[in-house]
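The values are calculated or read from the model by the stated rules, or taken from the named source; none is laboratory data. Worth saying up front: this structure is predicted, and the values here are computed from it rather than measured. When we count neighbours, we look across all protein chains shown, and the Cβ atoms used for this are built from the backbone with ideal geometry, even at glycine.
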Amino acid sequence: MVAAYAQAFALVFDPYVLTVIFCSALFGLFVGCVPGLTATMATALLVPITFFMPPVPAIAAIVTATAMAIFSGDIPGALLRIPGTPASAAYTDEAYAMTKKGQAEVALGAGLVFSAIGGLFGTAVMITSAPALAEIALKFSDYEYFWMVVLGLAGAVFIGNASILKASMSLLLGLLVACIGLDNPAGYPRFDMGITELKGGVSLIPMMVGMFAVSEILRFVVHMEPPLKLATEKIGNVFKGMWGLLVKYPWPLVRGSALGTVIGIQPGSGADMAAWMSYAMAKKFSKEPEKFGTGHVEGIVEAGAANNSALAGAWIPALVFGIPGDSITAIAIGVLYLKGLNPGPTLFINNPQNIYAIFLVFILANLIMLPLGWLTIKAAKNVLRLPRNILMPTILLFCIVGSFAINNTVFGVLLTLVFGVLAFVLEENGFPVAPAILGVVLGQMMEENFIKSMIKSDGDVTAFVTRPIAGFLAVSTFIILFWPVGAWLWRRYFSRRNMPITG
Amino acid sequence: MRFNDAVLGAVFLALSIAVLVTIQAFPKIPGQSIGPGAFPGLIAVILAGCSLALIWRGFRNKTPLVAMGAWLSSPRHVQNFLIAVGGLVFYVVAADSLGFLPCGAIILAALFLTLRVRPALAIPLALVLPVVIHLIFYKLLRVPLPWGVLPVLW
């Protein structure tokens, strides 16, 4: 293990990798700071470039850029009352209220410092738990993997704000997209509509660029909001008073980091959900809940830590089982496969240095977040003044080049267009996009394990539940699946009984 | 643009039926109960069920079949949308013959102008930015972006 860590150090502390980390940090800070550009979009835009890198810098770029973007989404939240990324939305009003009270530096400082601590907390959990989980995962057979995938997908559908029905349909659509092409156990070309390029399946990268970048650009060009206005020009020393906050709010910090990590691990729910839930939790357990919403820093401490720890948490199932914890890791898993580093427990045995390198990158990213984030806050005024009507068309051109670059055909651009418009229409109608991406990424794995299990058991469905771990996973899945139905029936039953009789 | 749930349900239902029809033509593997059609078939059946539930919900909600979003009644925003989508279509159609640089410049110029960037700024930017992006991807990352009508310049 020591030798592997030494190798990992050599992999990460290499001038090329460090340059990549530095550049993607700046990129992530910038993207997060511009409202309308999300951390997921940062990843989608990075992927075509990482395509040309060796595996470690490629993953380092994604890890660094997303960690930075999640923090820097707090900046426009505090200054413009517009969250830079959805992960900051939970406490945007709070941060803005603080800015109005003249405490912009406290809101931003708390966002920065506690983001870094939350991120390090999530990383620590990842470093300690992932190798142990990989040991367990080694014992998994097709049945267990099948249930793991189903469990992950069920989580994607049931944890979120969207309608469960629509989230399920979005997921099923993703699974159908995953069926396109030759890559199935039978090796039979399915649903290719006679298009040669579709024989190899729908390329993941153009699809993601479409769903996460082009759809955002479309949303921007039709947005009707009035131009943005800065609430303050003056930001003091952001690190002042942070030690005091740390001493005053140790529990919210630990609670936020822990909850965030758990939410991150749960497939399908990422940083934004973590922030919403910990903000609610902070209010519930606070000694002064009446201050929430009026410019009180406690919720920012807890939720700011939570969204960054969720980011690290999401990588745990991604690395150990190949099951993404959120849409960012869904994209990252696609990159890992392209690089021949198929995620899963064997990665921990065959290439431990790569896993340790990812751990190191996480630590490094959360540490350089402090100085670079400080600089970004200093420069925020100017970044926020950047005209978005120049930025968005330029990003569109990047999308075109990026989707072309994967296979060097304009077919990639066509895919980007189709999936961009599709994601735009789906989101306008209340269908969440993240389950679809999880469906596409996991579809092949799910089908393979399903078919192999069916063949092994000779069509006997009971084999799916008779192995102990498989049975346990099956039960967990069904609890998640039937929880909302049960809760709904329960509420209905009781509201009927307690309903006052009228008319 | 918000459609009534029944309309969306019908679209999804049509998709699942199309999948179910397509898989009938897939070959069966002799001696085995499951072939290439099994998994998509299973998904399509579940999707059809969900679609029916959505159609039912749509009928109960009694919202209009299509509710135009605010942006659809503003010609300027519709134009923005059409130019953004049209730009991508234009690239797919014209890139190989016209080349990346002219296509990129045209798309950027059109989008800048419709998004109300001052022409004095929009035109120079539309000419320079594609060159910058081309240099990054063509020289640094060696992506063979099409030259089209232009000779190979670098």
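The figures follow:
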item: Sole exception among (1) in a loop (DSSP other than H, G, I, E, B); (2) closer than 21 Å to A:G373 by Cβ for A:P267, by number; result: (2)
item: Only listed residue being within 8 Å of chain A (Cβ to nearest Cβ), over 24 Å from A:R388 (Cβ atoms) and in contact with a helix residue (DSSP H, G or I) (Cβ under 7 Å, 6 or more places away or on another chain), chosen from B:L111, B:L145, B:L125; result: B:L145
item: Cβ-Cβ under 9 Å pairs, at least 6 apart or on other chains, segment B:126-153 side closer than 13 Å to B:C103 by Cα, far side among the acidic types (D, E); result: B:P146/B:D96; B:G148/B:D96
item: Segment B:1-33, residues that are small (G, A, S) and assigned to a helix (DSSP H, G or I); result: B:A6, B:G9, B:A10, B:A14, B:S16, B:A18
item: Qualifying residue in segment A:124-140 (condition: under 29 Å from A:L360 (Cα atoms), of a type in the set (D, E, K, R) and either in contact (Cβ under 8 Å) with a residue 24 or more places away in the chain or not in a helix (DSSP H, G or I) (or both)); result: yes
item: Filter result (farther than 24 Å from A:L336 by Cβ and within 11 Å of chain B (Cβ to nearest Cβ)) within segment A:192-214; result: A:D192, A:M193
item: Test: residue in segment B:42-50 that is more than 30 Å from A:M445 (Cα to Cα), facing chain A (nearest Cβ under 7 Å) and under 24 Å from the mean Cα position of the chain (by Cα); result: no
item: Odd one out for A:V150, checked against (1) more than 10 Å from chain B (Cβ to nearest Cβ); (2) assigned to a helix (DSSP H, G or I); (3) under 29 Å from A:F52 (Cβ atoms); result: (3)
item: Selection within segment B:73-98 - part of a helix (DSSP H, G or I), facing another protein chain (nearest Cβ under 8 Å) and out of contact with any Leu (no Cβ under 9 Å at 6 or more places or on another chain); result: B:H77, B:D96
item: Lone unmet requirement of (1) assigned to a helix (DSSP H, G or I); (2) in contact with a helix residue (DSSP H, G or I) (Cβ under 6 Å, 6 or more places away or on another chain) for A:E290; result: (2)
item: Candidate set from segment B:9-22 (those that are at the interface with chain A (Cβ under 8 Å from one of its Cβ atoms) and in contact with a helix residue (DSSP H, G or I) (Cβ under 6 Å, 6 or more places away or on another chain)); member that is nearest to B:S73 (Cα to Cα); result: B:F12
item: Residue within segment A:54-75 that is in a loop (DSSP other than H, G, I, E, B) and crowded, with 24+ Cβ neighbours inside 10 Å present; result: yes
item: Test for B:P36: is it in contact with a strand residue (DSSP E or B) (Cβ under 7 Å, 6 or more places away or on another chain), at the interface with chain A (Cβ under 10 Å from one of its Cβ atoms) and either surrounded by fewer than 13 Cβ atoms within 10 Å (Cβ to Cβ) or assigned to a helix (DSSP H, G or I) (or both); result: no
item: Evaluation of A:I164 against (1) surrounded by fewer than 20 Cβ atoms within 10 Å (Cβ to Cβ); (2) of a type outside the set (D, E, K, R); (3) more than 14 Å from chain B (Cβ to nearest Cβ) (one fails), failing number; result: (3)
item: Residue satisfying all of: in segment B:57-72; assigned to a helix (DSSP H, G or I) and within 10 Å of chain A (Cβ to nearest Cβ); nearest to A:M169 (Cα to Cα) among these; result: B:R57
item: So A:V301, is it touching a helix residue (DSSP H, G or I) at 6+ places or on another chain (Cβ under 6 Å) and either in contact (Cβ under 8 Å) with a residue 40 or more places away in the chain or in a loop (DSSP other than H, G, I, E, B) (or both); result: yes
item: B:A48 vs. criteria crowded, with 18+ Cβ neighbours inside 10 Å, part of a helix (DSSP H, G or I) and modelled with pLDDT of 95 or more; result: yes
item: Considering residues of segment A:219-232 that are touching a residue at least 40 places away in the same chain (Cβ under 8 Å) and touching a helix residue (DSSP H, G or I) at 6+ places or on another chain (Cβ under 6 Å) only, the residue nearest to the other protein chains (Cβ to nearest Cβ); result: A:V221
item: The one condition in (1) assigned to a helix (DSSP H, G or I); (2) hydroxyl-bearing (S, T, Y); (3) modelled with pLDDT under 85 that A:S257 fails to fulfil; result: (3)
item: Entirely in segment A:368-464, the helices (runs of 4 or more DSSP H) that have 1 or more residues that are facing chain B (nearest Cβ under 8 Å), at pLDDT below 85 and in contact with a Pro (Cβ under 9 Å, 6 or more places away or on another chain); result: A:434-456
item: Filter pass, B:L101 being at the interface with another protein chain (Cβ under 8 Å from one of its Cβ atoms), buried (at least 18 other Cβ atoms within 10 Å of the Cβ) and not aromatic (F, W, Y); result: no
item: Hits in segment B:112-154 - residues which are surrounded by 11 or more Cβ atoms within 10 Å (Cβ to Cβ) and among the small types (G, A, S); result: B:A122, B:A126, B:G148
